[in-house]
Amino acid sequence: MSATHDIQVPIIHLAECHQRLGQILAAAGLNPTQLNDLFNQAIRLECAICSLPLSASELGLLAVGGASAIASSPKLQRLHLGDCARTGCNSRFYMLRCSDVSGVNWEAVLQEYLRPAPVETAEYQTALAAPGSGKARFWLNVAAVLAFFLICGIGWRLYTGQSIPVLQPKHKFSLDPKSVEEAKPEAESAGGGKFTIDPASVSKTNR
């Protein structure tokens, strides 16, 4: 009896397991026909509690069959939801058992499978290294800083009761401070200590 290499796979990740193993084995040089034979002959899946098996064809349908394939099979529906295919079994894991075959290093394959997938894809790294991408990020940062100070400035003017240029209209009339200084001595010399402002001294200003 050939040796097996076993790992536990969460049921909710069975579809991803099929895809990841296919990618890893294809990167190792296996063609589609060899992959199909390997999944059928050397890879077995069974419930970690009740030992209900899952065939390679069923795993393939779960992974790439789409919604219609899953909807047509109560077994696949339960697996898709993260439950054991057997009704009443509370298992959340299936055992992935890989039998020794010539030309396949299962230890290396499973080690690669268990390694967390990189967050940044090769396409993302290429985009970062593309000419002009650094300049674009620089100007985006500059725009963000300017927007921050603009918002702070508007908030401060609102807090202190100051008008905001452009956003608030100008007053139609303004008072010339010089006219007040000129009118004050004349009013005081007339007596009473009070002074008045000649309406003619108020200048009308247009927008």
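Every number here is computed from the coordinates shown, using simple stated rules; none is lab data. Quick caveat: nothing in here was measured; it's all calculated off a predicted structure. Positions of Cβ are generated from backbone atoms using ideal geometry, with glycine treated the same way; all protein chains shown enter the neighbour counts.
See the values below:
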{"item": "Using θ = phi - 60° and Karplus 6.51 cos²θ - 1.76 cosθ + 1.60, couplings along region 55-65 (whole Hz; Gly, Pro as x)", "result": "6, 5, 5, 5, 4, x, 5, 5, 7, 10, x"}
{"item": "Estimated FRET transfer efficiency when R0 is 25 angstrom, pair Q41-S72 (beta carbons, to 0.05)", "result": "0.45"}
{"item": "Distance between region 63-113 and region 1-25 - C-alpha centres, whole angstrom", "result": "7 Å"}
{"item": "Distance in nm between pseudo-label sites at E107 and I49 (7 Å out along the Cβ direction from Cα)", "result": "3.3 nm"}
{"item": "Residues whose placed amide H lies under 5 Å from that of Y94, excluding near-sequence neighbours", "result": "V9, I11, A48"}
{"item": "Contact order relative to length of region 4-117, as percent, for alpha carbon pairs under 8 angstrom and 6 or more apart", "result": "42 percent"}
{"item": "Length added when fully stretched, V142-Q8, from 0.36 nm per residue minus Cα-Cα", "result": "43.3 nm"}
{"item": "Two-site label geometry, F149 and Q34: point separation in nm, points 7 Å out along Cα→Cβ", "result": "6.2 nm"}
